Structure formats: structure tokens, C-alpha cells
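Only one structure is covered here, and it is reproduced in the block below.
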Amino acid sequence: MFSSEEYRLYEVMRVISGIPLFMEDHLNRIYESIVQLGFFYQDFREMAHKIILNLLECNNHLTEGNIKLLFAPDGYAFHLACYFIPHKYPDIEDYRNGVKLLTHHYDRDEPT
């Protein structure tokens, strides 16, 4: 069974008109975090790229939104999970009237 708690790193990318924005930048950023954890998976970016494109192809009716990519090391291998997540972007009324906001103090152990 899938559990997001098993994964050490994540990246979220926006999709507009079926195109993941700045995908290579996102994949490079998460790969740099992988290396900082002491892992080296030469094929990570290629595999993640294929998984994201496959997700978009299988869900071609979802042309707008956000994709979450999760990474977990597993010895000489790794696990990737990739899925659409709920999203909401401001509309014109939000820009005119503002939005309610809450803040929460939280310290991340591994902020990268």
C-alpha cells in the first residue's frame, strides 16, 4: 500500500495546457537533494521524466494542475511516486479582495 511518509524528498510542479512547467529545473533540484543525502542514481532524471510524461499521457483530460513527485532511496535502487494533487490558484476576485490566511510555525529537519 502506498504511504507518502516513506518518501524522503518531494517536488511539486505546475501543469498548464498539459505541459509541466520548468520540469528539468524541478528534476535537477530534487536530484541535487538526492546527492546531498549521499545517493547517486545516474538514471534518476531520465526515469522521473518518463514517469511524469506517462502520468500526463494517461490523464490527458487533466491539462491544468499540480503534479507531486516523491522520492525514496532503496539501497542501489529508488522508488518514485508521481500523481496529481489538489490545487487552487487565485482568481480575479481573490486579487481584488485578498484571501484569508493562517500562519503556522514549523521547523523542518531537512529543509532542502
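Each reported figure results from applying straightforward, stated rules to the coordinates on display, with no laboratory input. Values in this document were obtained by computation on a predicted structure and should not be read as measured data. As a convention, Cβ positions derive from the backbone with ideal geometry for all residues, glycine included, and neighbour counts pool all protein chains shown.
A few notes on this one:
- Cut-off 11 Å between beta-carbons: net charge of the residues surrounding F78, Lys and Arg +1, Asp and Glu -1: -1
- Viscosity 1.306 mPa s, temperature 10 °C, Stokes-Einstein D of the chain from Kirkwood C-alpha radius, µm²/s: 100
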